[in-house]
Amino acid sequence: QVQLVESGGGLVQTGGSLTLSCVASGMIFSIHTWGWYRQTAGNEREFVASILQRGGSTEYAESVRGRFSVSKDDARNTVHLRMNNLTPADTAFYYCHVRRSGPDSWGQGTQVTVSS
């Protein structure tokens, strides 16, 4: 099994930056892809960014491309989401996700609020 714990959410002004972190524990050898998703109340969960465990290739949603950057630290079993030039449209609960050889895992979510 894989457990995910994320942190780094908070309140930031428009144009500011914030970094989210996600630490994995358990059967981390089975991880294929790390992902970040976000969700607002009453809406579907939305893909934000992903990074492959092997090779480190990244993908981004069009809405965040050029502003967000996902990276990983294999020694610490951790992925980061650096969010730059934030706008109120980025306000949401952000979730860490892992696709693996077994059942997928989700973090508990962390709130990001961008003031206008």
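The values are calculated or read from the model by the stated rules, or taken from the named source; none is laboratory data. The structure presented is a predicted model; accordingly, all values stated were derived computationally and were not measured. Glycine also receives a Cβ, built like all others from the backbone with ideal geometry; neighbour counts cover every protein chain displayed. Only protein heavy atoms, including side chains, enter the accessible area calculation; ligands, DNA and RNA are left aside. Shrake-Rupley method; radii C 1.70, N 1.55, O 1.52, S 1.80 Å.
When each of Ala41, Ala24 is tested for being of a type in the set (A, V, I, L, M), at negative phi and open to solvent by 20 Å² or more (accessible area, probe 1.4 Å), the lone residue that passes is Ala41.
Say we look at segment 65-116 and pick out the residues that are of a type in the set (A, V, I, L, M, F, W, C), open to solvent by 40 Å² or more (accessible area, probe 1.4 Å) and out of contact with any His (no Cβ under 9 Å at 6 or more places or on another chain); which of these is nearest to Gln53 (Cα to Cα)? Ranking the candidates gives Ala75 first.
When every residue of segment 93-112 is checked against the conditions, at least one turns out to be in contact with a helix residue (DSSP H, G or I) (Cβ under 7 Å, 6 or more places away or on another chain) and in a strand (DSSP E or B). Going by the structure shown, is Ser30 at pLDDT 95 or above and open to solvent by less than 70 Å² (accessible area, probe 1.4 Å)? It is false that Ser30 is at pLDDT 95 or above and open to solvent by less than 70 Å² (accessible area, probe 1.4 Å). Please verify whether Phe47 is without any contact (Cβ under 8 Å) to a residue 40 or more places away in the chain, part of a strand (DSSP E or B), open to solvent by 20 Å² or more (accessible area, probe 1.4 Å) and of a type in the set (A, V, I, L, M, F, W, C), treating the condition exactly as stated. Answer is yes for this residue. Here Arg65 meets the list (1) part of a loop (DSSP other than H, G, I, E, B); (2) within 18 Å of Val2 (Cβ to Cβ); (3) at pLDDT 95 or above; (4) not hydrophobic (A, V, I, L, M, F, W, C) almost entirely, failing just condition (2).
Among the conditions (1) open to solvent by 60 Å² or more (accessible area, probe 1.4 Å); (2) over 15 Å from the mean Cα position of the chain (by Cα); (3) within 18 Å of Gly107 (Cβ to Cβ); (4) of a type in the set (A, V, I, L, M, F, W, C), the only one that Val5 does not satisfy is (2).
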